[in-house]
Amino acid sequence: MAELRHGTVAAAAARASGSPAKRDAEAASASASSPFLSSPRGGGDGGKDGALRPPPPLHQRYPLPAAVRALLTLEDPRSPSAPPSYRILLAVLACVALGALVSATSVWSRLNAPYLCRKDGIRLQCPGVSNSLWENPHAAATSWKPCAERRSDEISDLVSENETSGYIFIHAEGGLNQQRIAICNAVAIAKIMNATLILPVLKQDQIWKDQTKFEDIFDVDHFINYLKDDVRIVRDIPDWFTEKDELFTSIRRTVKNIPKYAPAQFYVDNVLPRIKEKKIMSIKPFVDRLGYDNVPMKINRLRCRVNYHALKFLPGIEEMADKLATRMRNRTGNVNPYMALHLRFEKGMVGLSFCDFAGTREEKAMMAEYRQKQWPRRFKNGSHLWSLVLEKRKEGRCPLEPGEIGFILRAMGYTKETQIYVASGQVYGGNNRMAPLRNMFPNLVTKEDLASKEEIEHFKKHVTSLAALDFLVCLKSDVFVMTHGGNFAKLIIGFRRYMGRHRLKSIKPDKGLMSKFFGDPYMPWATFVEDVMITHQTRTGLPEATFPHYDLWENPLSHCMCRA
């Protein structure tokens with residue numbers, strides 16, 4: 001122990017007596033031999049007053065390629081000493097940066113693009129399709145907004161009364177929905193020709209035998225005032241015109257033979273000169289006498305302005321429709337969503353379709369007699385029509401029977417507790433034809449079931465008023481379902497799209513599926529359900545771009561809406 005203590009003391013004395021230069025040399029040697037003793041501050045040669053030097057650059061500590069070393073030192077690529085690989089590396093990095101910038105811009109624009117379904121051949125591709133029974137994807141409702149209303153800062157281009165081309169007068173023919181479209185078109189052609197529009201007359205319908213006037217359905221004051229900066233509209237034929245009785249009978253005063261879906265230029269070339277000459281002219285017939293694709297955008301937007309903003313039903317009709325919609329939602333004591341079903345299976349529609357439907361021999365014979373009376377040229381003896389029946393069924397050109405639409409709705413997942421409002425005329429076949437649908441959906445009602453006798457009696461004065469109630473209750477529904485084409489369904493779907501209700505479903509059933517289902521007795525229910533679910537994912541009123549010959553009443557997106 002004494003020797004050990006002696007050795008330790010001697011070693012300590014030797015360290016204490018060593019010169020500073022010797023101690024620095026020993027410390028440097030120790031640092032070089034052990035990586036754990038290296039100081040980030042450095043030291044050694046060139047130091048002054050014990051100051052520590054910085055570590056060597058990265059490219060000196062690690063063996064890196066020449067191009068990378070040049071990049072780390074930010075060497076000028078134009079320098080003669082810069083290696084060729086350095087220039088190539090800079091070019092590659094520039095291309096990568098440009099590609100990243102383009103990709104980021106594309107991704108950003110895609111994330112901010114409005115929700116829109118696109119055509120892929122005959123199929124419609126819609127992003128983020130929801131399986132909800134009552135709602136479409138949220139983005140469908142938030143991507144688009146109405147743009148046809150008149151803005152407060154919009155400058156009127158209406159000329160003075162003395163500078164107008166003359167007066168035009170039309171009979172709005174057909175039912176309520178045909179009349180609505182005719183009125184919108186009348187305002188549009190008045191604008192095209194810079195003419196004054198006389199308030200349209202609602203022509204008596206040959207089927208409904210209705211004598212409704214414009215003021216019995218629509219708010220005339222609102223109609224004229226809302227459009228006062230677009231088109232000059234007067235309530236009646238001017239007093240100075242003495243040939244009022246001959247306005248629709250005199251050849252000199254009537255413009256006929258206007259082609260269907262005529263372009264705007266047709267009116268400028270063929271109708272305007274006659275109005276300037278005669279000062280007042282009637283146009284007959286007038287329903288779908290103005291096209292869509294060959295009309296200026298501002299004219300199409302004006303038609304939307306008339307349809308969605310200027311044409312308002314009378315307050316009494318609006319109030320009654322609100323009551324009916326509220327009663328639909330509260331029928332069970334709790335607030336529930338409801339479905340509106342436009343069931344087009346009246347005798348006239350069944351006859352006009354020339355399709356074959358289930359029924360007794362007596363019923364089929366009566367229908368054949370009816371068709372021969374109503375459409376003798378087309379019917380002839382009827383034998384040539386039956387070969388086309390199956391083909392029409394497969395192509396989905398036949399209206400769905402009540403039972404058929406019931407099958408489709410059950411396959412889509414709607415249960416027997418679903419509340420359904422039926423908008424329909426007298427169903428062909430009566431209660432027997434409605435029985436299958438009622439068995440599947442017992443909570444099925446009409447306006448006559450919801451309203452008291454006294455409430456509904458007031459609206460029976462005008463059949464068009466009853467149609468207006470159906471129109472509004474369907475418009476307010478959570479889900480709207482059509483069973484066949486027609487102006488009613490087109491206008492409802494267009495309204496729901498335009499007023500920001502893309503999220504609420506408007507279902508267009510695939511009518512051809514029923515021929516497939518009933519034509520294959522071995523098809524299991526599960527297979528039919530799968531077909532229905534897949535087919536109808538994109539048939540729910542989602543936003544889609546307008547394509548040629550697609551009218552703006554059903555799809556106002558491209559003409560009358562803009563990105564939200």
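The values are calculated or read from the model by the stated rules, or taken from the named source; none is laboratory data. Here the structure is a predicted model, which is why all the values come from computation and not from measurement. With ideal geometry, Cβ positions are generated from the backbone for all residues, glycine too; neighbour counts draw on all protein chains shown. SASA here: full protein model, heavy atoms, side chains in, ligands and nucleic acids out. Shrake-Rupley method; radii C 1.70, N 1.55, O 1.52, S 1.80 Å.
Using heavy atoms of the protein chains and a probe of 1.4 Å, the accessible area assigned to His536 is about 10 Å².
The stretch between Asp510 and Arg361 holds 50.8 nm of extra length on full extension. This uses 0.36 nm per residue minus the Cα-Cα distance.
As a calculated quantity, the FRET efficiency between Asn330 and Gln372 at R0 = 60 Å, using C-beta atoms, amounts to about 0.80.
So which trypsin sites (Lys or Arg not before Pro) in the stretch 188-287 pass both tests, a DSSP loop state and at most 11 other Cβ atoms within 10 Å of the Cβ? For trypsin sites (Lys or Arg not before Pro) across the stretch 188-287 that sit outside H, G, I, E and B with at most 11 neighbouring Cβ atoms in 10 Å, the list reads Lys209, Arg235, Lys256, Lys260. What shape does the stretch 416-564 take by its C-alpha gyration tensor, where a ≥ b ≥ c are the square roots of the eigenvalues and a/c under 1.5 counts as rounded, a/b above b/c as prolate, and the rest as oblate? Note, shape of the stretch 416-564 comes out oblate.
What is the distance in Å between the Cα centroid of the stretch 331-395 and that of the stretch 218-251? Cα centroid of the stretch 331-395 versus Cα centroid of the stretch 218-251: 39 Å apart. In loop segments of the stretch 405-505 as defined by DSSP, the GluC sites (Glu not before Pro) with at most 14 further C-beta atoms inside 10 Å of their C-beta are Glu417.
Put a dot 7 Å past the Cα of Thr415, heading toward its Cβ, do the same for Thr527, and the two dots end up 2.9 nm apart. Between Glu149 and Lys394, the simple spin-label model (points 7 angstrom out along Cα→Cβ) gives 5.0 nm. Taking only the C-alpha atoms of the stretch 167-310, the Rg (one decimal) and the largest Cα-Cα distance, Dmax (whole number), read 14.2, 39 Å. The overall shape of the stretch 215-277 is oblate: from the C-alpha gyration tensor, with semi-axes ordered a ≥ b ≥ c, the ratio a/c is 1.5 or greater and a/b is no larger than b/c. Taken along its principal axes, the alpha carbon cloud of the stretch 259-409 reaches lengths of 60, 55, 27 Å, longest axis first.
Computed from the alpha carbon positions, the gyration tensor of the stretch 432-500 leads to an equivalent ellipsoid with semi-axes of 21, 20, 12 Å, biggest first.
Label zone (Gln537, point 7 Å along Cα-to-C-beta; backbone nitrogen cut-off 14 Å) within the stretch 123-162: 123-132, 137.
With the simple spin-label model, which puts each label point 7 Å out from Cα in the Cβ direction, the Ser452 to Glu163 separation comes to 5.6 nm. When the square roots of the Cα gyration tensor eigenvalues are ordered a ≥ b ≥ c, the ratio a/c for the stretch 315-563 is under 1.5, which makes its shape rounded. The apolar share of the surface of the stretch 315-563, taken as the fraction of accessible area on carbon and sulfur atoms (1.4 Å probe, ligands and nucleic acids excluded), comes to 53 percent. Taking only the C-alpha atoms of the stretch 146-194, Rg followed by Dmax gives 13.7, 37 Å. Residues of the stretch 496-516 with backbone nitrogen within less than 18 Å of a virtual label 7 Å along the Cα-to-Cβ line of Ala435, please, listed as ranges. Flagged as within label range: none. Figure note: Met349, Met366 ranked by solvent-accessible area, largest first, 1.4 Å probe, ligands and nucleic acids not counted: Met366, Met349. All other residues whose Cβ lies under 14 angstrom from that of Pro238 are scored, Lys and Arg at +1 and Asp and Glu at -1, for a net of +2. For Cys398, no residue whose modelled amide H falls within less than 5 Å of its own remains once neighbours fewer than 5 places apart on the same chain are excluded.
Counting alpha carbon pairs within less than 8 Å and at least 6 residues apart, what relative contact order, in whole percent, applies to the stretch 167-310? Over the stretch 167-310, the number comes to 35 percent.
Across the stretch 350-362, coupling constants 3J(HN,Hα) worked out from phi with the 6.51/-1.76/1.60 Karplus curve, θ = phi - 60°, read 4, x, 5, 5, 6, 9, 9, 10, 4, x, 6, 4, 4 Hz, and Gly and Pro carry x. With a Förster radius of 22 Å applied to the C-beta separation of Phe547 and His138, the computed FRET efficiency comes to 0.30. Across the protein chains, with a 1.4 Å probe defining accessible surface, the residues Ser152, Ser85, Ser424 rank Ser152, Ser85, Ser424 from largest area downward. For the stretch 414-462 versus the stretch 127-192, the inter-centroid distance based on Cα atoms is 31 Å. Across the stretch 299-312, computed HN-Hα scalar couplings (Karplus, 6.51 cos²θ - 1.76 cosθ + 1.60, θ = phi - 60°) run 6, 4, 5, 5, 4, 5, 4, 5, 5, 9, 10, 7, 8, 10 Hz from first to last residue, x flagging Gly and Pro. Tally Lys and Arg at +1 and Asp and Glu at -1 over the other residues with C-beta under 9 Å from the C-beta of Pro285: what net charge comes out? Computed value for this residue: +2.
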